[in-house]
Amino acid sequence: MDSPIYIYLSLLLAPLSSAVTWWAARRKRKIDETDALDKTVSSLTRRIQELTTDIMDLQRDNIALQRTVANLLSILTPQQLLQYQQLTGGDKAVK
């Protein structure tokens, strides 16, 4: 075992194994980061879809409420309509 080949191989083995370990760890880190980003994007996409659905529901409710107000305003007498306009601040009551 005193052969120069064994000495050179033993001297070369430590840095070589360190380089391979560094490369493998670096690759794993990149894969882990990519997986984490993918999970984050998926989570955000799901949340955006939920919020979009909520917004659409609220818009439907708002339209229904506006129709209800319009129907209620249509049955008011002129005197009641005038009082309503004074309370709400003007002409924006009748649309």
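The C-beta contact set for region 1-24 (first residue without any contact (Cβ under 8 Å) to a residue 12 or more places away in the chain, second residue surrounded by 10 or more Cβ atoms within 10 Å (Cβ to Cβ) and assigned to a helix (DSSP H, G or I), distance under 9 angstrom, 6+ apart or interchain) comprises M1/I7.
Here's the yes/no breakdown for (1) exposed (fewer than 10 other Cβ atoms within 10 Å of the Cβ); (2) modelled with pLDDT under 95; (3) of a type in the set (A, V, I, L, M, F, W, C); (4) not in a helix (DSSP H, G or I):
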residue: Y6; (1), (2), (3), (4): no, yes, no, no
residue: P15; (1), (2), (3), (4): yes, yes, no, no
residue: A36; (1), (2), (3), (4): no, no, yes, no
residue: L72; (1), (2), (3), (4): no, yes, yes, no
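The values are calculated or read from the model by the stated rules, or taken from the named source; none is laboratory data. Nothing here was measured: the structure is a model prediction, and the numbers come from that model. Every residue, glycine as well, gets a Cβ built from its backbone with ideal geometry; the counts of neighbours run over all protein chains shown.
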